[in-house]
Amino acid sequence: MPKVSSVIVPYASYLRVYEPLAAFPEPERGHWARYARRPDRPSYQDELRRSLADLLPVPPVPVPVHESDDAFVTEVDGVVCVCPWRTRLRGWQALGELASGGRLPPAVLDAVLPPVVRRQSADDYERWRARNPDARPWIRTATWQVPLAWFVLVTDDEREYLTDADGPGSGAGDGPGDGEPGPGAGAPPVLRYRTPMVQARRRVARGLKALKESLGGGPLVEGLVDVGRWLEEFHPRSLVELDYGGLVHALPAEHLAADHSAADVAAGIAALRAGDSVAAGAVYARLVERWRVVRDRRSAN
């Protein structure tokens, strides 16, 4: 598939679920089985470029007119697993968050996405949801951060940091077949974690128990409850991937190499479980400082 552009689009991280083909009903299962055999599958950068390209017309097209039939593909113990893009659904959800979350001043929001465009998209989404009440995305996106709740799902042993010296590899699937060269072919580094769904769910349950007993509530607890409910929607033999995605373009190599946030989050939860608030506070301060550097880069841009 031809690339939309050779320009790298950075600054977004991703939490993805890859489901086995058996999780999909026919005829969708057949579509993904054929798709997985394609040698020219696109990458996450292609998906993001296409989304951004829709914002260039006047008025902009904040949500694609048609749903994407692309996906990321990987194999787990010889079983083909796919992560559908569902770009249209995610676009609707992102637009709703943007409009209601106060992330932009009203005047700026109206200039970027006029009210009539937002109202039309909201009406389209409402009609679509009425026909598809159980729809959910396979991908979650965060900009200029990796939410701390995501790190609860994985462990440091599952961390993969691939650079030029490590040979072929790629985020969002296994290797060049996904549309991007691996690091060994001159691509940027990859920092990701991959874990079986059953492990991710178990860690969510254990983490929530420790956090609720120690903290009662708060943003981390709320975020973990939310992501835990989302994971329950998928096949138990799925694969969960936390991918730094475009953040690798915004951060220096030494920052990426030293980033073991999953280990820090696990250490913080263990300290809370042991009643050691001093150690938990030290871990939290380390995490805050690490991600403050990332937020500072956002402000600089």
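Over region 10-136, what relative contact order in percent results from Cα pairs under 8 Å that are six or more residues apart? For region 10-136, the relative contact order is 23 percent. Relative contact order of region 247-301: 33 percent, from C-alpha pairs under 8 Å at least 6 residues apart in sequence.
3J(HN,Hα) along region 239-246: 10, 10, 10, 9, 10, 5, x, x Hz, from the Karplus curve 6.51 cos²θ - 1.76 cosθ + 1.60 with θ = phi - 60°, whole Hz, x for Gly and Pro.
A short reminder: the numbers here are calculations on the coordinates, not readings from a lab. Given the structure is predicted, the values throughout are model-derived calculations rather than measurements.
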